[in-house]
1. Using the 10 angstrom Cβ neighbour count as an exposure proxy, how do Phe59, Phe149 rank, fewest first?
2. Cα axis of helix 164-174 to longest principal axis of the chain: angle in degrees, 0 to 90, nearest 10?
3. For the range 273-351, rounded, prolate or oblate, judged on the Cα gyration tensor with a ≥ b ≥ c (square roots of eigenvalues), a/c < 1.5 rounded, else prolate if a/b > b/c?
4. GluC sites (Glu not before Pro) within the range 237-289: which are DSSP loop residues with at most 11 other Cβ atoms inside 10 Å?
5. So, in nm, how far is label Glu214 from label Gln140 when the simple model puts each one 7 Å beyond its Cα toward the Cβ?
6. Please compute, over every Cα-Cα pair in the range 40-178, the percentage with a separation greater than 17 angstrom.
7. For the range 272-286, take each phi angle, set θ = phi - 60°, evaluate the Karplus expression 6.51 cos²θ - 1.76 cosθ + 1.60, and give the result in whole Hz per residue in order, putting x for glycine and proline.
8. List, in order, the whole-Hz ³J(HN,Hα) value for each residue of the range 73-90 obtained from phi through the Karplus relation with A = 6.51, B = -1.76, C = 1.60 and θ = phi - 60°; use x for Gly and Pro.
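Where a number appears in this text, it was derived from the coordinates with a stated rule and is not lab data. None of the values given here were measured: they were computed from a predicted structure. Note that we place each Cβ from the backbone using ideal geometry, even for glycine, and neighbour counts take in every protein chain shown.
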Amino acid sequence: MGIELKSMMKNLYMARLRQVKPNSNYGKWVVYVATFNDNDAGLIRALYEHYGQRLIVFFGGNAARQASELAETGVHTEPLTTRNMAVNGAVGYMKSAAVMVVDNYVAELAAIPESIEVYQIWHAAGAIKNFGWDDPATSQRPAADQRRFQEVYNHFTHIVVGSEKMGAIFQRAYRLPKERIMLTGFPRSDEYVHVADDVPVHGDQVLYVPTYREDNADMLSVLRSAFAAFERVPEKQFTVKLHPTVQLDELPDLPENVQLSQADLAQLMPGTGMLITDYSSAVFEYALMVPSGRTVFFCPDFVSYRKVPGVQADFLEWGIGSITYNGDQLIDEINSTSSGAAERNSSANEMWNKYNDGNAVGRLQRMIEASVK
């Protein structure tokens, strides 16, 4: 399906959503839209304890497991599907909300009244790759798509972040004023703050988290280069966490010291002595969770990736970890005994995790309660 046809279908979908009437209980609902499992760090359950059946949780496919668990405890859940929203009219709950909380770009926001306060908590503490208007692809989309994107961005009345750095990125990517940035802390970071106090770090354990590439050939090329390098360092054990959409049947053969894992990053990071990634926001959580751990960037496609989708302009200046561009450089860094990781992580945390102090959920909950009349 071409871009123009996709754009037309999305505009028809939005037109249908705008026709759906609000639920009769206007201003009643507290709506949470979850597209990631456990991204709320307990916020949903706290809201349920406070609001009971006034809370409605919409869930995307990647949050289905958590939604099922919530439903078993009595929480009202709704699938975030085109059929449920447009045919069954579930978007009416959003249109009647007292307040909404979302963890991602949610197209349906363009159909709700501008008077509804919307909290965006996002799904990462920081960003390396570009998004929103910073992504060059956005300016190449049809004008109707661009207008729809900005309509959604304009609905974010409160953008929750853990640093001024991330706040500035959202301001630029969404073209929104500074007043909408809330320096309350990234909710999920509450679970990371004290992990380092309890888990010893193992220097021979390495976690590899490559960013997803839309072109499968590009993805496989990066993985082949990484696996070939890992095989040449047999004394290390490498755990690989891939994006769930990567086709596993097309993966290159795994060396004996490499294993794939489906576990959440929050389970894999504690105790891991080194994180290898390219453009993943996992680096910001790792710096908070394992303050003595080393980060290495493996970016064999940096020349092309910095153009599309693009990376933050000052990425090379951050100093979070060494940047490598080929297998030999990667092996050198893996074998390096250089010190300074703690100092680098401390600087990274000051830049990206300044307000992630373990109390973000509590602060956010109080703000949401103040928004509900």
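1. Phe149, Phe59
2. Taking the Cα atoms of the chain, the angle to 164-174 is about 60 degrees.
3. Values: a/c = 2.08, a/b = 1.23, b/c = 1.70.
The shape class here is oblate.
4. Working: sites: Glu250, Glu256, Glu285; in loops: Glu256.
Taking the range 237-289 and a limit of 11 other Cβ atoms within 10 Å, the loop GluC sites (Glu not before Pro) found are Glu256.
5. The modelled label-to-label distance comes out at 0.8 nm.
6. Values: 6169 of 9591 pairs.
Of all Cα-Cα distances in the range 40-178, 64 percent exceed 17 Å.
7. 7, x, 8, 10, 10, 8, 10, 10, 7, 6, 4, 4, 6, 6, 5
8. 9, x, 6, 6, 10, 9, x, 8, 10, 4, 5, 5, 6, 8, 8, 7, x, 5
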